[in-house]
Amino acid sequence: MNATPISPEEVLAKFTLSATEFITTARAIPAQDLHKNPIIGQWSPAFVLHHMCDGDLHFTTRFLNCLAEDNPAIFPFEEEIYPLRLNYEKRDPMASLASIEGNFVAAKNILSLISESDWQRTSVHTERGEIRLLELVSISAGHSEAHRGQLEEIVAAL
């Protein structure tokens, strides 16, 4: 991300734009290219979709916990073990994309309805310490943005 948005409106706009751009980029990849891996050491587009699906599930859970609980703990997830343990090779990339889209719509709807003070609610990350919902949503937007760039790089190499 270029600059960290500071207001809830800016964060929600960034979240919406980054998710929309990721989804648009992912939808444009031809089905026959989803499992190709043209860059040594990089994931295929399908693996990126699975990673984003899993990451978005984590982020949305964090948003909900932050809104519903007082200072809930956030546990980092070990993304390096997900491809093997969650069967990225066998999963349907279109199912992951559908999950990404559904999660985004639900999260955006929830975040669009919360109060100004809800954006200041906090969770406690086991590595980063206290973190506000505003920052969690901003981090999620940056995650989508980074992986959109990764998809674009992979597609350009096909």
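Looking only at the stretch 74-83, decide whether some residue is within 25 Å of Ala13 (Cβ to Cβ) and not in a helix (DSSP H, G or I). Yes: one or more hits. Give the residue that is surrounded by the most Cβ atoms within 10 Å (Cβ to Cβ), with candidates limited to residues of the stretch 52-103 that are closer than 15 Å to Trp119 by Cα, more than 15 Å from the chain's Cα centre (by Cα) and not small (Gly, Ala, Ser). Of everything passing the filter in the stretch 52-103, Cys66 is surrounded by the most Cβ atoms within 10 Å (Cβ to Cβ).
Looking at Ser117, is it polar (S, T, N, Q) and within 17 Å of Glu69 (Cα to Cα)? In short, yes. Scanning the stretch 10-33 for residues that are crowded, with 20+ Cβ neighbours inside 10 Å and more than 15 Å from the chain's Cα centre (by Cα) gives a single hit, Ile29.
Where a number appears in this text, it was derived from the coordinates with a stated rule and is not lab data. Here the structure is a predicted model, which means the values were calculated and not measured. Glycine also receives a Cβ, built like all others from the backbone with ideal geometry; neighbour counts cover every protein chain displayed.
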